[in-house]
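What follows is calculated from the coordinates using simple rules that are stated; it is not laboratory data. Nothing here was measured: the structure is a model prediction, and the numbers come from that model. Note: ideal-geometry Cβ built from the backbone for every residue, glycine included; neighbour counts use all protein chains shown.
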Amino acid sequence: MDNGGTSFHKDIWRNIMNRVHEGLEDPGFTVPDSVETAEICRKSGKRAVSGVCDHDPRGDAVYTEYFAKGTAPAEVCDKHVEVSICADSGKRSTEYCPTKTTKVCMVLPEGEEDLATDDSVFSIPGYCNIHGRNSTIISPTIEDNDNSGGETTAPTKATVVPVGPGYQPTTAPEWEYTGPGAKH
């Protein structure tokens, strides 16, 4: 990368130091007793929450920082949160969502929810608009006739399993599976 020739001194220094240390072992660095380390979140500058800050949608937001003993932050990250998401809508789940997953989202500062920032795309979504108090998901289960003679016959009834508050499984009427145009 050409930056106007302002880094030539770095190249010279690197070459000199590589030559001086050629064939020598790296002794490492012994951390003094007066220094401690802590896992820090890049977004908040506070202690990282394991399983949350390291699952930032853009990648691991955790790094190890060195502090004089007793000066490491005590507060934990308040920018990353794990949110329950409806698998169908991709929005925050409600008690009526049948399939849920979790996702790490960003908490936006108060008053900045409508601003476009690099965190906006990853903010906590609104609530699911697919599943609600009156929504039902019907998943039919078709039962076959038990025929001990080894013959294959068409299914005769379907069990309808609605999902939602107050619903009980019921069976479909026989007429749905008999006659012309029957559903199989």
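Can you tell me the convex hull volume per residue for segment 1-57, based on C-alpha atoms, in Å³ to the nearest whole number? Provide the component values of the computation, followed by the final result.
Numbers: hull volume 13.4 nm³, N = 57.
Cα convex hull per residue, to the nearest whole number: 235 Å³.
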Least to most buried among 47, 14, 42 (fewest other Cβ within 10 Å first): 14, 42, 47
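D for segment 1-115, whole µm²/s, Stokes-Einstein with Kirkwood Rh over alpha-carbon pairs at 10 °C and 1.306 mPa s: what number? Don't skip to the end; give the middle numbers.
Numbers: Rh = 18.7 Å.
Stokes-Einstein gives a translational diffusion coefficient of 85 µm²/s.
Given R₀ = 41 Å, FRET efficiency for residue 63-residue 130 by Cβ-Cβ distance, to 0.05?
0.60
Pull out a ≥ b ≥ c, the square roots of the eigenvalues of the alpha-carbon gyration tensor of segment 35-79, then state rounded if a/c is under 1.5, prolate if not and a/b is larger than b/c, and oblate in the remaining case. Please report the intermediate quantities before stating the final value.
Working: a/c = 2.76, a/b = 1.96, b/c = 1.41.
The shape class here is prolate.
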Packing rank of 53-61, 18-26, 105-113, where each peptide gets the mean count of other beta carbons within 10 Å, highest leading: 53-61, 105-113, 18-26
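Where both residues lie in segment 1-114, what percent of DSSP beta bridges are antiparallel, nearest 5? List each step's numbers first, then the result.
Values: 16 of 17 bridges.
Looking only at bridges with both residues in segment 1-114, the antiparallel portion is about 95 percent.
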